[in-house]
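> I'd like to ask you about the structure that follows.
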Amino acid sequence: MNDLLKIVKICVEKIKDEFLLFSVVALVLMVAFPDSKFPIFIVYGTAVFIYVVITVIRIRGHKFNNRFLQNVELYLDNPKDWEMRMIGDSEIYFYSEDNNYKIVQGDASLRDWEPRIEPWMNNFPDANVSEWSVYIKHGENIIAEYMFMSCDGARYFIPIPKKRCAEPGEGHTCNRFEYCWHRNSIEYKVGGVIGRFYNCENLEEVARFCGIIIE
C-alpha cells in the first residue's frame, strides 16, 4: 500500500505540468467549438488517462531497476562471488548465489579514442584505446550501463576515470586536469569483477601506474 501511495505521489508530481497543458488546450478548444464540448471532454479525459497509465508504468519500471541495482551493489562488494563463463564467444560474469544477475561487455566497441589524448594513457606501450559499454543485467533486463576503456591492445579493461579541473586558469580555461575513480561507485566495483589489469593486480595498482586518483 505504501509503495502504491509513493508511486501515485511521484506520478502526480511528474504529470502536473502536462496535466495543466492538457487542461488549457481542452478549455481553448471548448471555447472555440462550444457545440463540441462533450467530444472534446471525452478526448481530453482519455488522453489524460492514457498519459497517467504510461507514466505509472515508467515509474514502476524505474523502481524495478533501482531495486535490482541496489542488490547488485551489495553483491559487488566481494568480486570472488562472481564467476566467468564463456557463452558463445562472450565472457559473461554471473553472481554465484543468483545467476539471474550478470555483467556483460557489449558486443562491439562504441568508438576509438585518439592515441594518448589524455595524459593517464601515456604509460601504455600500445596507444590504441577504445570505448565499450558494460551492462549489468537481471535476466535479460538491463539494469544499468557503464562506460569502460580497452587499453594497451586490450591488456587492460578499466572504467573510464572521471575528469576534473585541478588548476583553473583564467576565464573558463584549465591549466591542469586530474582523473579519478570513486572507490564506492558501482563502475569501480564492476571493474574489480570484469576488469583486466595485465601486469597489475587490481584497479589500485592500475591507478598508480596511470596516475589516476582513487577517492
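> In the stretch 105-133, which residues are of a type in the set (Val, Ile, Thr) and part of a strand (DSSP E or B)?
Val129, the sole residue that qualifies.
> Now, a different point. Looking only at the stretch 105-119, which residues are closer than 25 Å to Tyr93 by Cβ and either of a type in the set (A, V, I, L, M, F, W, C) or surrounded by 12 or more Cβ atoms within 10 Å (Cβ to Cβ) (or both)?
Gln105, Gly106, Ala108, Ser109, Leu110, Trp113
> Could you tell me which residue of the stretch 154-210 is surrounded by the fewest Cβ atoms within 10 Å (Cβ to Cβ), considering only residues that are among the β-branched types (Val, Ile, Thr) and at pLDDT 95 or above?
Ile160
> Pairs only if they're at least six apart or on different chains, beta carbon under 7 angstrom, first in the stretch 134-161 and on the phi > 0 side of the Ramachandran plot and part of a loop (DSSP other than H, G, I, E, B), second of a type outside the set (S, T, N, Q) and crowded, with 17+ Cβ neighbours inside 10 Å; list them, first residue then second.
Correct list of pairs: Asp152/Phe124.
> Condition (residue is closer than 17 Å to Val193 by Cα, polar (S, T, N, Q) and part of a helix (DSSP H, G or I)) applied to the stretch 91-104: is it met by at least one residue?
So far as the stretch 91-104 goes, no, none of its residues is closer than 17 Å to Val193 by Cα, polar (S, T, N, Q) and part of a helix (DSSP H, G or I).
The values are calculated or read from the model by the stated rules, or taken from the named source; none is laboratory data. Quick caveat: nothing in here was measured; it's all calculated off a predicted structure. Here Cβ is always computed from backbone atoms with ideal geometry, including for glycine, and neighbour counts include all displayed protein chains.
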